[in-house]
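So the structure is just underneath, and the comments pick up after that.
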Amino acid sequence: MSPLSRRHFLKTTLAAGTLAGVGAPLLAEKRTAFDKVTLGKSGITTTRLAFGTGSNNGHVQASLGQQEFSKLVAYAYERGIRFFETAESYATPAMLGEALKPYPRDSYVLMNKVTTDTGVDPAQRFDEMRSISKTDYFDIMLLHWQHTPDWVEETKRWQAGIDEAHAKKTILSRGASVHGLPALRQMPGNPWLQVAMIRMNHKGTRMDGPVYDEGNNPGSISEVVQHVKQVHKDGMGVISMKLVGDGTFTEHTDRVSAMRFAFQTAHVDCVTVGFKSNQEVDEAIDNLNLALT
């Protein structure tokens with residue numbers, strides 16, 4: 001046997017022996033939109049892709065009517081999505097509750113967001129929300145639309161209400177959704193938060209800036225990403241929204257880039273996208289799978 005042939009023989013034999021020793025190919029497992037990921041220390045495990053129902057405050061989804069909306073939810077469920085989200089202020093909580101009735105409650109994660117207004121009993125509000133959504137419990141409850149620098153102190157009563165519901169197991173985990181850098185800056189280091197919902201895309205469209213209601217803030221992208229990475233270190237799960245620029249990304253390339261940016265640059269755990277058709281569900285799945293390659 002020539003020296004070259006011998007070296008080749010030894011190399012291939014060693015490789016075969018290594019594979020036999022581990023009992024499986026030494027290839028990284030392919031990640032997908034339907035992988036179950038754990039949201040930080042919350043204990044909630046769910047798919048990377050969430051079905052959002054808040055496009056134009058849910059009016060886009062509500063305009064489908066219950067029958068068509070239920071068909072769309074069924075299509076998403078059959079494709080593998082097991083994360084659904086709504087908010088008290090949307091037009092969709094009751095519709096989503098009706099659409100999810102055919103499925104075992106423990107087969108999917110349901111996230112709702114509560115409006116933290118004054119003069120309301122949190123316990124009563126949560127009972128009403130569960131009744132509207134036709135559920136015994138919410139997997140995740142977020143303090144909705146926090147947009148001021150003092151929101152942590154201003155929502156203490158609501159935080160206590162969520163803690164009480166958590167003790168009763170009618171809410172399983174807690175967090176907040178924020179708008180604007182002054183509110184986002186209060187997330188890192190907050191021991192109460194388990195889940196952070198943060199706006200994210202590659203263009204800064206409908207993302208956080210100095211003023212919460214500004215539409216475009218490309219100059220703030222790096223700070224937003226920095227906060228995402230910090231809250232991750234703090235043990236929070238991160239769910240991003242505005243992946244299609246609040247519906248303004250009409251070019252497919254932008255939607256692909258936004259998904260890639262969320263997972264490859266910001267390293268979020270999950271994303272929520274609002275759907276109105278089966279085609280949009282399919283595209284979001286494809287875009288997310290592509291972003292994970």
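The values are calculated or read from the model by the stated rules, or taken from the named source; none is laboratory data. All values derive from a computational prediction rather than experimental measurement. Cβ sites come from the backbone with ideal geometry, for glycine too, and all protein chains shown count toward neighbours. Ligands, DNA and RNA are stripped out before the accessible areas are found, and what is left, the full protein with its side chains, is counted by its heavy atoms. Shrake-Rupley method; radii C 1.70, N 1.55, O 1.52, S 1.80 Å.
Overview of results
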| item | result |
| --- | --- |
| Accessible-area composition of the chain, carbon plus sulfur, in percent [1.4 Å probe] | 53 |
| Solvent exposure, largest accessible area first (probe 1.4 Å, DNA, RNA and ligands not counted), of LEU292, LEU172 | LEU172, LEU292 |
| Segment 236-283-segment 111-150 distance, computed between alpha-carbon centres (Å) | 25 |
| In segment 143-293, lysine pairs with alpha-carbon atoms under 22 angstrom apart (chain gap of 8 or more, or interchain) | 6 |
| Among (1) 26.3, 92; (2) 57.5, 203; (3) 21.6, 88, the entry that matches Rg and Dmax of the Cα atoms in Å as calculated here | (3) |
| Accessible area in the full protein assembly, largest first, 1.4 Å probe, for ARG185, ARG255 | ARG185, ARG255 |
| Where THR46, THR38 fall by accessible area, highest first, once all protein chains stay in place (1.4 Å) | THR38, THR46 |
| Label-point gap, in nm, between SER89 and SER222 - each point 7 angstrom along Cα→Cβ | 3.2 |
| Per-residue SASA entry for ASP121, accessible area with 1.4 Å probe, Å² rounded to 10 | 80 |
| Chain lengthening between LYS276 and GLU153 when straightened (0.36 nm per residue, less Cα-Cα) | 40.6 nm |
| Cut-off under 5 Å, modelled amide H: who pairs with HIS202 long-range | ALA258 |
| Three-way shape label, segment 35-133, alpha-carbon gyration tensor, a/c 1.5 | oblate |
| Förster radius 22 Å - calculated FRET efficiency between VAL37 and ALA74, Cβ distance, rounded to 0.05 | 0.40 |
| Helix-only CD estimate at 222 nm, as mean residue ellipticity for the chain, using -39500 (n - 2.57) per DSSP H run (n ≥ 4) | -11500 deg cm²/dmol |
| The chain - accessible surface per residue (Å², probe 1.4 Å) | 47 |
| DSSP beta bridges in the chain [antiparallel fraction, %, rounded to 5] | 15 |
